[in-house]
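Here's the structure we're looking at; comments come further down.
The values are calculated or read from the model by the stated rules, or taken from the named source; none is laboratory data. This is a predicted model, so every value here is computed, not measured. Because the Cβ atoms are built from the backbone with ideal geometry, glycine has one as well, and the counts that use them run over all protein chains shown. Quick note on the areas: whole protein, heavy atoms, side chains included, nothing else; ligands and nucleic acids left out. Shrake-Rupley method; radii C 1.70, N 1.55, O 1.52, S 1.80 Å.
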Amino acid sequence: MKIYAAGEAQSLDNPGSSIQIVTPARVVGLIDLGNNNGQNEFGWSGLKAVVELEGKRYVLDFVETSHMETDDGIEITSSDTDSQLWWPNKDDASRYKLEIISA
C-alpha cells in the first residue's frame, strides 16, 4: 500500500521556507517534531509526514489532500470524501513500511 499526500511543506534538508505541494506526493516517512514549535528548525510540532517529490524530501505541516494506492497502482476510493484524508500515525511506520526520520 502506498500513501500520497499534499499540503504546505518545508524541505527536509533546508527548513525555513514553505512551499505548497499541490499534487499529492508519495509519503516515504514520518518525523516527530516534538510538542513545542520552538524545538526545531521547522517551527512546527507533532508527528508529520515526509513526502518525496522530484528526488527531494519535504515535511508536510498538515495533510490537505491524500489518497492511497495498492502496490500495483490501483487507487483506493470511497464515496465518503472525509474518509479519504490520511493523517500521520506512528502505527503507519510498520503498516506501510515508512521510514522514521530523526528531527
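Against the definition (in contact with a Ser or Thr (Cβ under 6 Å, 6 or more places away or on another chain) and within 21 Å of Lys2 (Cβ to Cβ)), how does Leu85 come out, yes or no?
For Leu85, the condition - in contact with a Ser or Thr (Cβ under 6 Å, 6 or more places away or on another chain) and within 21 Å of Lys2 (Cβ to Cβ) - is met.
Counting only residues that are open to solvent by 60 Å² or more (accessible area, probe 1.4 Å) and acidic (Asp, Glu), which one in region 74-103 is modelled with the highest pLDDT?
Looking at the filtered set, the residue picked out is Glu99.
What number of residues within region 58-72 are within 10 Å of the chain's Cα centre (by Cα) and over 16 Å from Leu85 (Cα atoms)?
Counting residues in region 58-72 that are within 10 Å of the chain's Cα centre (by Cα) and over 16 Å from Leu85 (Cα atoms) gives 2.
Kindly indicate whether any position in region 23-31 is modelled with pLDDT under 95, open to solvent by 20 Å² or more (accessible area, probe 1.4 Å) and closer than 16 Å to Met1 by Cα.
yes
So, of the residues in region 64-73 that are closer than 13 Å to Gly7 by Cα and modelled with pLDDT under 90, which turns out to be most open to solvent (accessible area, probe 1.4 Å)?
The residue in question is Thr65.
Based on what the data block shows, is Ala9 small (Gly, Ala, Ser) and modelled with pLDDT under 95?
no
Is it the case that some residue within region 36-53 is open to solvent by 60 Å² or more (accessible area, probe 1.4 Å), without any contact (Cβ under 8 Å) to a residue 12 or more places away in the chain and on the phi > 0 side of the Ramachandran plot?
No, that holds for no residue.
Name every residue in region 1-19 that is of a type in the set (S, T, N, Q) and assigned to a loop (DSSP other than H, G, I, E, B), in order of residue number.
Hits for region 1-19 are Asn14, Ser17.
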